[in-house]
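*Asks:* Quick one: this structure, given as C-alpha cells, is what I'll be asking you about.
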Amino acid sequence: GDSVTQMEGPVTLSEEAFLTINCTYTATGYPSLFWYVQYPGEGLQLLLKATKADDKGSNKGFEATYRKETTSFHLEKGSVQVSDSAVYFCALSDYGGATNKLIFGTGTLLAVQP
Amino acid sequence: DSGVTQTPKHLITATGQRVTLRCSPRSGDLSVYWYQQSLDQGLQFLIQYYNGEERAKGNILERFSAQQFPDLHSELNLSSLELGDSALYFCASSTGTANTGELFFGEGSRLTVL
C-alpha cells in the first residue's frame with residue numbers, strides 16, 4: 001500500500017541555519033503531497049502542499065517540490081528560527097470520491113537553539 | 001484555532017474499561033477522521049465518516065468503534081482497554097467535497113491506560 005518515509009529526528013539546528021527534512025513516498029497513483037506541522041501541545045496544521053509533479057509548495061519560508069522521478073518531497077527552509085521548533089509530518093493523499101484520507105510519515109522533531 | 005473541538009483533553013482509566021472520545025468538526029465540514037498517535041507507531045489512520053456514513057477504514061481494532069451523528073459530531077468508543085491503547089487520539093475534519101487533502105485537526109485527547 002501507499003506509504004511515506006521521512007528522516008528520523010531529532011534534528012537540532014542553530015538559529016538561522018539551513019533546514020532539510022527528507023521525505024520519500026510510495027504510491028500506486030498520483031497523490032497530492034503535504035507537510036503538516038505540530039507545535040507542542042497542539043494538533044497538526046497544514047504547512048504546505050503540492051498537487052502534481054514539479055509543483056512547489058511554500059509557506060512561512062518553507063518550501064518543498066514534488067519530484068515524481070525520485071518520489072520525494074523534501075522540506076527546506078533557508079534560515080530557521082526558534083519558533084520553528086516543532087514536529088514535521090510528511091503526508092500523501094489517498095483519494096477515493098469524498099475520501100481525503102492522509103497517510104503520514106512518522107514525524108521529524110526539529111529543535112532550533114538560539 | 002482549527003475549529004475542531006475534542007473532549008476530553010485528558011483521560012486516565014484502567015485496563016478493561018471503556019471510554020468515549022468526542023469530536024465536533026468545523027462548521028460546515030461533513031467528513032470526520034480519527035487518528036491515533038503513539039510513540040512507537042506514529043500517526044495511524046483509524047476511520048473516516050462522511051455525512052454520517054463510514055467512508056474509509058484503517059488500522060482500527062475490533063475493540064474500537066466510531067459513529068457520526070446527524071449533527072455531524074463524532075464519537076470514538078474504545079473498549080476492553082489495554083496498556084498499549086495509551087496514545088493521543090486526534091480528530092480531524094474536512095469539507096469532503098473538494099479533493100484538497102487539507103484536514104483540520106483538533107488538539108487531541110490523551111488517553112492513559114493504567
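*Asks:* Using modelled amide H (1.01 Å from N, peptide plane; none on Pro or chain starts), what sits under 5 Å from the amide H of B:Ser86, excluding residues fewer than 5 places away?
*Replies:* B:Val113
*Asks:* Would you mind working out the magnitude of the charge dipole of chain B relative to its Cα centre, with +1 at each Lys and Arg C-beta and -1 at each Asp and Glu C-beta, to the nearest 20 Debye?
*Replies:* 140
*Asks:* Taking H as built 1.01 Å from N, whose amide H comes closer than 5 Å to the amide H of A:His74, not counting residues under 5 places away?
*Replies:* When sequence neighbours closer than 5 places are left aside, the close amide H contacts are A:Cys23, A:Thr65.
*Asks:* May I pose another question? For B:Ser2, B:Ser38, what ranking results if the residue with the fewest other Cβ atoms within 10 Å of its Cβ goes first?
*Replies:* Lowest count first: B:Ser38, B:Ser2.
*Asks:* List the GluC sites (Glu not before Pro) within the range B:20-84 that fall in a DSSP loop (any state other than H, G, I, E or B) and whose Cβ has at most 10 other Cβ atoms within 10 Å.
*Replies:* B:Glu62
*Asks:* Let me know the charge dipole size of chain A about its Cα centre in debye, to the nearest 20, where only the beta-carbon of Lys, Arg (+1) and Asp, Glu (-1) is charged.
*Replies:* Numbers: 8 positive and 12 negative charges, 57 e Å.
For chain A, the charge dipole is close to 280 debye.
*Asks:* Here is a follow-up. Using alpha-carbon pairs under 8 Å, 6+ residues apart, how would you state the relative contact order of chain A in percent?
*Replies:* Answer for chain A is 36 percent.
*Asks:* Next question, about the same structure. Among B:Gln6, B:Gly42, B:Thr20, whose Cα projects farthest towards the positive end of the dipole of the range B:1-110, with charges put on the beta-carbon of Lys, Arg (+1) and Asp, Glu (-1)?
*Replies:* My answer, from the dipole projection, is B:Thr20.
We did not get these values from a lab; they are worked out from the coordinates using the rules stated. Fair warning: this is a prediction, and the values are worked out from it, not measured in the lab. Quick reminder, even Gly has a Cβ in these numbers, built from the backbone with ideal geometry, and neighbours come from all protein chains shown.
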